[in-house]
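Here's the structure, in structure tokens; my notes come after.
The values are calculated or read from the model by the stated rules, or taken from the named source; none is laboratory data. The structure presented is a predicted model; accordingly, all values stated were derived computationally and were not measured. No Cβ is skipped: glycine too gets one built from the backbone with ideal geometry, and neighbour counts run over all protein chains shown. The area values use the complete protein model at the heavy-atom level, side chains included, leaving out ligands, DNA and RNA. Shrake-Rupley method; radii C 1.70, N 1.55, O 1.52, S 1.80 Å.
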Amino acid sequence: MTTLEKLTTTREREHELEQLSPFELKDELIGLAQDRHKKSSLTMLNAGRGNPNWICTVPRQALFTLGRFGIEECRRQMDDPTGMAGIPLPTGLGSRLREFLSTHSEMEGADLLSKIFEYGISKHGFEEDAWALELTEGVMGDQYPVPVRMLSCCEQIVHEYIVKEMCGGKPSVAGRWDLFATEGGTAAMCYLFDSLKENNLLKSGDKIAIGVPIFTPYLEIPVLDMYDFDVTYIYGNGRSADGNLTFQYTDQELDKLGDVSVKAFFIVNPSNPTSVMISDESRQYLVKVVREKNPELMILTDDVYGTFVPGFVSLMNDLPANTLCVYSFSKYFGATGWRLGVIALHEDNIYDRMLARQSDEEKKRQAKLYESLTLEPEKLKFIDRLVADSRDVALNHTAGLSTPQQIQMMLFAGFALLDTENKYKQASIDLLRHRYELLWNGLDIKIVPDKNRASYYCEFDIQDWAVRNYGQELFDWLQKNFEPVDVVFRLSERCAVVLLNGGGFAGPEWSVRVSLANLDDEDYSRIGKVVSNTLAEYVETWQRETGRDITAHGVSCS
């Protein structure tokens, strides 16, 4: 009969390390997994990273083709043998771009670039030379970003993409969302925290709510001394009628947001690590609570995984006046290194209204802060304050995401808009679902269908598994004898498999997060099997020590 091997990492050491963020703990786990790899034939599998192992090719090809055109245009003005060239000139630039793309139609990405150029003219009414100049100067990066918030034409293309993906293509209100292009979703959230505090919309000691489990920085940032918010947690602990965990927010949890002392609500939707979007029912109830009880609740939602769920609808569509939406292009397009993010805020919003109602003393303080930007600083919109604050105001004139980054962002967006059959979207969804199935087949556990599942991550709750299959006695024994992180240390040290502990995301303490994005398909079968075998070893040891039947509750752990 199997007995659990003693680990080199003691329980006392596990207890110390589990206080760390899972992203810091992972370094210890990787070291153990690497040691195991060196001492055996096992390949190390790191399923702790969320970086996808695929990329979207065609928009990248379009960027490189556009870059070649840009070089030719610069050399048209000056072509010095030292490598010095001029800058693109607008007159006739649109015609020259068309001619270039026609002459070089065989170049990869040329067809997409041509279609996006014509789409901007026909759909959005862009003046062709101005549009061509934005593209050419943008890819060359020879000018500061103007406007600093986002290039004008690029913003309109990305706006259309955001409405399509975040609003189901059917915005609930008239008007537009203003966009601020940022250095990924990470920078976006940092800017939002800073500007909310700088503009006195959130003050130290204010009560905020965080939907959990959640990406750990959203847990760590609000409690820093510079913010020191009073945090209330909204737990995604819902279950289906048959008792399965859905990780949805129950009505009872969402009712916490009806407290008007709660100033802001931070969420990731679909969530990380549970990888489910807020269900239609929960979303509708949340809207009801906000509108009836807390109409000026500020909502910050990170919707980076929304594109992996068919029919996804963001809170930016349900509560457009309340919601600051952060979207990153990193995961869907395989572009984490590009650092492409955007903040979307509807032009009619509570943030500008609350700024307008602040005390004369507070308005005077802020006027002094922004007086170098405008003669009427009190009228400066919150979205533009975000831009200024991101560069300490004084450097606002050189703010903005680099123009080559903005062009690549626009090309990603244009590619998705022109993919009217959603072929790329379906391929990415199918890939993740296949890996999800392989993981659970390896676990030898039946998959429970869930239309809200993004499948980018998998959160496996060991406590729930133990109690549902073997009773409370097994879980009590686990708690008595092991730390909640023991399983991730055991997987690393014995199997060379790195997973993250779910408790570090404010999820169930006895849970693990598996990233389904960054390994080969067949690796997920192996991960499922080694997790299953490890759990079986716990059960068999418990059975040996207590004399209980290993097949209790009719479940085999082999």
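A few remarks follow.
- Selection status of G67, surrounded by fewer than 20 Cβ atoms within 10 Å (Cβ to Cβ) and within 30 Å of T336 (Cβ to Cβ): yes
- Residue count for region 18-27, restricted to those that are crowded, with 19+ Cβ neighbours inside 10 Å and either in contact with a Phe, Trp or Tyr (Cβ under 7 Å, 6 or more places away or on another chain) or assigned to a helix (DSSP H, G or I) (or both): 3
- Of the residues examined, V268 is not one that is without any contact (Cβ under 8 Å) to a residue 40 or more places away in the chain, touching an Asp or Glu at 6+ places or on another chain (Cβ under 8 Å) and of a type outside the set (G, A, S).
- Hey, G528 among the small types (G, A, S) and farther than 23 Å from K39 by Cα or not: no
- Residue count for region 346-384, restricted to those that are free of Cβ contacts under 8 Å to residues at least 40 places away in the same chain and of a type in the set (A, V, I, L, M): 5
- Test: residue in region 432-446 that is at pLDDT 95 or above, of a type in the set (A, V, I, L, M), within 20 Å of G337 (Cα to Cα) and open to solvent by less than 30 Å² (accessible area, probe 1.4 Å): no
- Applying the set (1) touching a Phe, Trp or Tyr at 6+ places or on another chain (Cβ under 8 Å); (2) surrounded by fewer than 18 Cβ atoms within 10 Å (Cβ to Cβ) to K451 leaves exactly one unmet item: (1).
- Any hit, region 435-452, residues being under 21 Å from N501 (Cα atoms), touching a helix residue (DSSP H, G or I) at 6+ places or on another chain (Cβ under 7 Å) and among the basic types (K, R): yes
- The conditions of being under 30 Å from I221 (Cα atoms), of a type in the set (S, T, N, Q), touching a residue at least 40 places away in the same chain (Cβ under 8 Å) and open to solvent by less than 60 Å² (accessible area, probe 1.4 Å) are met by T182.
- Total residues in region 218-250, condition within 24 Å of C458 (Cα to Cα) and surrounded by 14 or more Cβ atoms within 10 Å (Cβ to Cβ): 14
- Out of S532, S525, sole residue that is within 26 Å of the chain's Cα centre (by Cα) and either within 15 Å of N441 (Cα to Cα) or not aliphatic (A, V, I, L, M) (or both): S525
- Of residues in region 148-168 being among the β-branched types (V, I, T) and touching a helix residue (DSSP H, G or I) at 6+ places or on another chain (Cβ under 7 Å), the one most open to solvent (accessible area, probe 1.4 Å): V148
- Residues of region 138-153 classified as touching a Leu at 6+ places or on another chain (Cβ under 9 Å) and assigned to a helix (DSSP H, G or I), total: 3
- The set of residues from region 110-133 being farther than 11 Å from P90 by Cα, open to solvent by 40 Å² or more (accessible area, probe 1.4 Å), of a type outside the set (A, V, I, L, M, F, W, C) and in a helix (DSSP H, G or I) comprises D111, S114, K115, E118, Y119, S122, K123, H124.
- Given (1) open to solvent by 30 Å² or more (accessible area, probe 1.4 Å); (2) out of contact with any Ser or Thr (no Cβ under 9 Å at 6 or more places or on another chain), index of the condition E14 fails: (1)
- Hits in region 391-413 - residues which are surrounded by fewer than 23 Cβ atoms within 10 Å (Cβ to Cβ), on the phi < 0 side of the Ramachandran plot and assigned to a loop (DSSP other than H, G, I, E, B): R391, A394, L395, A399, S402
Quick grid of which residues meet (1) within 26 Å of G236 (Cβ to Cβ); (2) modelled with pLDDT under 95; (3) open to solvent by 10 Å² or more (accessible area, probe 1.4 Å):
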position: N481; (1), (2), (3): no, no, yes
position: V514; (1), (2), (3): yes, no, no
position: L519; (1), (2), (3): yes, no, yes
position: S525; (1), (2), (3): no, no, yes
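- Condition met for D206 (of a type in the set (D, E), under 22 Å from T403 (Cα atoms) and buried (at least 17 other Cβ atoms within 10 Å of the Cβ)): no
- When residues of region 1-11 are limited to those that are open to solvent by 40 Å² or more (accessible area, probe 1.4 Å) and in contact (Cβ under 8 Å) with a residue 60 or more places away in the chain, the one nearest to the chain's Cα centre (by Cα): R11
- Whichever residue in region 44-64 is within 21 Å of T307 (Cα to Cα) and in a helix (DSSP H, G or I) and, among such residues, is most open to solvent (accessible area, probe 1.4 Å): V58
- Yes/no for V487 being open to solvent by less than 10 Å² (accessible area, probe 1.4 Å), free of Cβ contacts under 8 Å to residues at least 60 places away in the same chain and closer than 16 Å to S275 by Cβ: no
- Some residue of region 527-542 being assigned to a loop (DSSP other than H, G, I, E, B) and open to solvent by 20 Å² or more (accessible area, probe 1.4 Å): no
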